[in-house]
Amino acid sequence: MAVLVYTENWDGKFKKSTFELASYATRLAEKIPDQVVALSIGHVEEEELKKLGRYGIGKVISVEDDRFKTLDNQVYTRIIAEVAENLTASVVVLAHNNSGKALAPRLSVRMKAGLVSGTTGLPESFEPFIVIKKTFTGKALAKVVIHTAKKILTLAQNSYQVVEQVVPVEIRKFVPVSAGDVKTVVKEVFKQTGKVILTDADIVVSGGRGMKSPENWGPIEELAKILGAATACSRPVSDEGWRPHEEHTGQTGKVIAPVLYFAFGISGAIQHVAGISSSKFIVAVNTDKDAPIFEVADYGIVGDAQKVLPALIEAIKEAKSI
Amino acid sequence: MKILVCLGNVPDTTTKIKFSGEGTKLDKTGVQWIINPWDELALTRAIELKESGQVPVEVISVLTVGGTDAEPTIRKALAIGADSGYRVDADPADSYQVAFQISEIARQEQFDLILCGIESSDYNGAATGSMLAEILDYPSLSAVSGIHPVNGHLEYTRDIDGGRETVTLDLPAVLIVQKGIAKEPRIPAMRGIMMARQKPLTVKEPGPSAGYTEMISFELPAPKPSCRKIDPDNVRELVNLLQNEAKVL
Ligand SMILES: Cc1cc2nc3c(=O)[nH]c(=O)nc-3n(C[C@H](O)[C@H](O)[C@H](O)COP(=O)(O)OP(=O)(O)OC[C@H]3O[C@@H](n4cnc5c(N)ncnc54)[C@H](O)[C@@H]3O)c2cc1C
């Protein structure tokens, strides 16, 4: 028996979210109680794999084959299912990110294991197996019971803190027999460089239609830069092409949960708030004192974003002595 | 090429969510139902592809799993431009049960391209499309934000964390689509609404399937404490609060 955690890598490296997921899987396994095993697919150096040991993962199975460089949902599903079967894993956990969302449902079918996607914490009980997740895009929480013997969970981003718990790591190379052929052919890759990725960011600086025009985004980018933050926007802003669609946040865009979210010139429509309401702190700047964004904000300034932004940048530079 | 677009029937995005039966089910009184936003974009893109003639599209079918109250959703899709509709007469229980019901029709009808939205805006399962692909043993792509006809075949844009890829894949396949796939959802025109009445809507009995999971209760999140207002001429105070009270800077 085991809890199996799929630890994705990005160009051979793990991210903070990987370690959050590892910490979560470790704690889940302790509670069951069961051993925890990580599965890595694609080439990752031993030194990087060993980092998982800081978060309580004592055993790592590494599928290194170069054939598996591209995410092929069918092939990855077969590999994860094969490893889960070998370990007789009772629970498989993945991140609730693009690849986790692509793989977990397939795994659920293949393993006949009930799936709860985007859970926000450890199960509330094990017999019956009950977990909590957000529904109606953050407008409500639901308790979900999984009826099957095996379970699949994806963990919502930024919902579990990294917990250090150092253990020695045993790495085992594994060659799957059931993988089959990779059919997904990648012809071209575009990667954002030099920018903080929105779904990874601890701080997000966002602008809405109240910013008036794309030329006014300079101070938003500058504030993001001095804070090491990602930039985001409301839907009309990306629809107008003022900002790339990757930045669109809300019900129909990205759902994010940073520690700090700045909303400049965003009215706070229910569909926008759905994507940001899990932020720990929200700061809103809006000329309209009755804007609904102030109902969800922790701190608010009723004022003109064009004036507040430069002053805020100065004040932060001063406070951080930059 | 035969395209199937799977449609979820969800509360309008502005709905104030309430529960009945001591928090065990959604209170449907006064709820306006809409096509799940991503599914509506998927349908729009399918129609654009057909109209463009850049790839041969013979038929666009739409399907929803639901009771008679889900029929307006199918009629709306037919009015927007789908050619035929299916309704599987079952109450959606969970993503698996829905995917299973769709798979039965997909097998019979042999669609080449199946489009599903990345999630439904009600239960946010983000699972139906990929489950369907696994049941059918078809390849799938998730987080697809573009479908591009190139020399008579299709290429896709897939979003990855911090970037995107241009990808090809053999058909039949399931694409799980998101924002970017089409700019604006289409709105039915008068002529479309008239024509929709003549288009076939087939009601199917559900196949044998139970869900793997069950939502047993719901709760509204705790209300937020009220917003602390800061004078626009005193942003230092905001920085101070963020540093020393919230401790996030
Ligand atoms: C099905 C559906 C899905 C949707 N999904 C999303 C989604 O995912 N994300 C999303 O964001 N929206 C979404 N929307 C749109 C949403 O309803 C709102 O229209 C949108 O969020 C408004 O964007 P905004 O706040 O930038 O613009 P507006 O609502 O126009 O607000 C601009 C704000 O800026 C303020 N302002 C003006 N000038 C200044 C100034 N100088 N300084 C400071 N403040 C100023 C104004 O007081 C106002 O509050 C969706 C809508 C539908 C129907």
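The values are calculated or read from the model by the stated rules, or taken from the named source; none is laboratory data. Predicted model, so just to flag it, every value in this text is computed and none were measured. Cβ placement follows ideal geometry from the backbone for every residue including glycine, while neighbour counts extend to all protein chains displayed. Just so you know, the surface numbers come from the protein's heavy atoms only, side chains and all, with ligands and any DNA or RNA stripped out. Shrake-Rupley method; radii C 1.70, N 1.55, O 1.52, S 1.80 Å.
Observations on the model:
- Here the relative contact order of region B:2-220, from alpha carbon pairs under 8 Å that lie six or more residues apart, stands at 28 percent.
- Charge dipole (Cα centre; +1 on Lys/Arg Cβ, -1 on Asp/Glu Cβ; no other charges) of the protein assembly as shown amounts to roughly 380 debye.
- In region A:198-321, Cα pairs under 8 Å separated by at least six residues give a relative contact order of 24 percent.
- Taking every residue in B:135-146 and counting other chain Cβ atoms within 10 Å of its Cβ, the average works out to 4.
- For chain A, the longest principal axis of the alpha carbon atoms and the long axis of helix A:16-31 meet at an angle near 50°.
- For region B:2-220, radius of gyration divided by Kirkwood radius, i.e. Rg to Rh on alpha-carbons: 0.96
- Over all orientations, chain A has a Cα convex hull whose mean projected area works out to 17.6 square nanometres.
- Solvent-accessible surface, computed for protein heavy atoms with a probe of 1.4 Å, shrinks by 30 Å² or more for the following residues of region A:143-159 when the other protein chains are added to the isolated chain: A:Lys143, A:Val144, A:Val145, A:His147.
- For region B:145-249: accessible area per residue (Å², 1.4 Å): 56 Å²
- Spherically averaged projected area of the convex hull of Cα atoms, region A:171-322: 13.2 nm².
- Here the translational diffusion coefficient of region B:157-249 follows from Stokes-Einstein with Rh set to the Kirkwood radius across Cα pairs; for 4 °C and 1.567 mPa s it amounts to 59 µm²/s.
- More than 36 Å apart - percent of Cα-Cα pairs taken over the protein assembly as shown: 35 percent
- Antiparallel bridges, percent of DSSP beta bridges restricted to region A:2-173 (to nearest 5): 30 percent
- Kirkwood Rh (inverse of mean 1/r, distinct Cα pairs), region A:1-148, angstrom: 15.6 Å
- Look at the stretch A:108-116: the mean tally of other chain Cβ atoms within 10 Å of its residues' Cβ atoms is 6.
- 0 to 90° range, to nearest 10: angle between helix A:218-227 axis and chain A longest Cα axis: 50 degrees
- For region A:146-190, the list of GluC sites (Glu not before Pro) that fall in a loop by DSSP and count at most 13 other C-beta atoms within 10 angstrom reads A:Glu164.
- Applying a DSSP loop filter and a limit of 13 other Cβ atoms within 10 Å to the GluC sites (Glu not before Pro) in region B:3-62 leaves B:Glu22, B:Glu58.
- Secondary structure note: in region B:2-220, about 40% of the DSSP beta bridges are antiparallel.
- Taking Cα atoms only, the orientation of helix B:95-109 departs from the longest principal axis of chain B by about 20 degrees.
- Per-residue mean of foreign Cβ neighbours for A:272-284 is 2 (Cβ atoms of other chains, 10 Å radius).
- Placing dummy labels 7 Å off each Cα toward the beta-carbon, the span from B:Glu245 to A:Lys307 is 2.2 nm.
- Farthest toward positive dipole pole in region B:2-220 [+1 Lys/Arg, -1 Asp/Glu at C-beta], among B:Val55, B:Ala189, B:Asn151: B:Ala189
- Take every pair of alpha-carbon atoms less than 8 Å apart whose residues are at least six positions apart; their mean separation over the length of chain A yields a relative contact order of 14 percent.
- Pairing chains A and B buries close to 7200 square angstrom of accessible surface in total, based on protein heavy atoms and a 1.4 angstrom probe.
- Of the trypsin sites (Lys or Arg not before Pro) found in region B:130-219, those in coil by DSSP whose Cβ has at most 15 other Cβ atoms within 10 Å are B:Lys183, B:Arg197.
- For the protein assembly as shown, the 222 nm mean residue ellipticity estimated from helices alone, with every DSSP H stretch of n ≥ 4 adding -39500 (n - 2.57) and the total spread over all residues, rounds to -8000 deg cm²/dmol.
- Set of region B:150-168 residues, backbone N closer than 18 Å to the point 7 Å along the Cα-Cβ line of A:Gln192: B:157-166
- Pairs of lysines in region A:198-321 (C-alpha under 24 Å apart; 8 or more residues apart or interchain): 16
- The accessible surface of the protein assembly as shown, taken with every protein chain in place and a 1.4 Å probe, is 50 percent carbon and sulfur.
- Put a plus charge on the Cβ of each Lys and Arg, a minus charge on the Cβ of each Asp and Glu, and nothing anywhere else: the dipole of chain B about its Cα centre is then about 740 debye.
- Charge dipole magnitude, Cβ of K and R +1, D and E -1 - region A:2-173, Cα centre, debye nearest 20: 640 debye
- Cα→Cβ-extended label distance, 7 Å offset, between A:Glu30 and A:Val185, nm: 4.9 nm
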